[in-house]
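The values are calculated or read from the model by the stated rules, or taken from the named source; none is laboratory data. Everything quoted here is computed from the prediction, not taken from an experiment. Here the Cβ positions follow ideal geometry from the backbone for every residue, glycine too, while neighbour counts run over all protein chains shown.
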Amino acid sequence: MRCHKCGQEIPDQSRFCPNCGVFPENEVQPASKMNKKWLAMSISVAIVAVVIFVIAVLVAVGNKNNKANNPETKTAVTETKEEKENIEKKDSEKEPVEEDPIDVEEFSEVEDISEVEDTREVVEEDDDVITRPVVPEESNNEPAMEPFYGIWFSASKTESDMQKIAADLVARGYNAKVFLTTDWSNLNREPWYVVTAGVYASKEEAQSALPDIVANVAADAYVKYSGDYIGLAVDRFNFVVTSMDQIKEESDSFTIDGTVYGAQTSRKLTVDSATSFASDCDMEYFANYVAGESVLDWYKYNYKSYQNGDTSNLALLGVFDISVTGDHVDTIYGCYWWD
């Protein structure tokens, strides 16, 4: 056969032309030539990828430059940098300071117990606690029934308020007690719950303990004698009133000077807005009573009627079944006449 390029005769079995080296048309080209084609294609693809990458980088750089040229962005970045530098500068200029150790005792003393919220668990009043100052042994076991001197500093109509204050003082080492004023002849005739920081057998003992109480508990604390115990073991009895002269009107209450029936003991009791009729009280024995009227209003009406000349109005006289707390009439259960 002939070479299709140079025209020379070549053997039929030849794989290439001996004259020009060209492969016959029916022969497959060697792998090296095919690899060259693929290499050319790969280079082309790589070039395209590089071009795309370069374009993407240029776009990103352009956006960054636009953001950097924004005045607001510049200001924020500058300020943040300046603030950081200022803080670092101030920190470097600070001198190390030695902190004083916390004085635990400074926080354990209460200057004014009435102004401090009690956040501790309420301590049950313990009469056996060794107190400061030392008080007579008999007052450590039972609530005092004998006259005593107290260092008084706080009062309330609510017993629980005073019990909290007393518990706080007991925890601090004082022999604090709560009393009802109407249980004692020399204390307030109006019922108040009061706290004393201690119970003392003599005025001298109380006076010697007073400076400590004034300095550490209450600046306005003072010493006062309790008087005799007049609280009643039985708080319900019949109270006899035989004359209107025994009844005296106060600003918003009445004081009645009568006797305890059977014992013939004189008592001066108080009726006020806190006094009430018992729910099962038979009201037909209370002259001039109007349904729903309070005890105080009933007293006011009948007392005024008598003072205005109606001497036949004796509704406030008789034998009254009452219960009391100290010298205060709490409840009226009935009204009776005697033969």
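Descriptive notes on the structure:
- Top-ranked residue in the stretch 214-241 [being of a type in the set (A, V, I, L, M) and within 16 Å of residue 162 (Cβ to Cβ); ranked as surrounded by the most Cβ atoms within 10 Å (Cβ to Cβ)]: 217
- None of 213, 256, 230 is closer than 23 Å to residue 184 by Cβ and assigned by TED's automatic domain parsing to the domain that holds residue 190 except 213.
- In the stretch 272-321, the residue that is farthest from residue 257 (Cα to Cα) out of those that are acidic (Asp, Glu) and not in a loop (DSSP other than H, G, I, E, B) is 284.
- Matching residues, the stretch 167-199, being crowded, with 23+ Cβ neighbours inside 10 Å and assigned to a helix (DSSP H, G or I): 169
- Residue list for the stretch 228-285, filter: of a type in the set (S, T, N, Q) and in contact (Cβ under 8 Å) with a residue 12 or more places away in the chain: 238, 242, 243, 246, 253, 255, 259, 270, 273, 275, 276
- Residue 326 vs. criteria in contact with a Pro (Cβ under 7 Å, 6 or more places away or on another chain) and of a type in the set (Gly, Ala, Ser): yes
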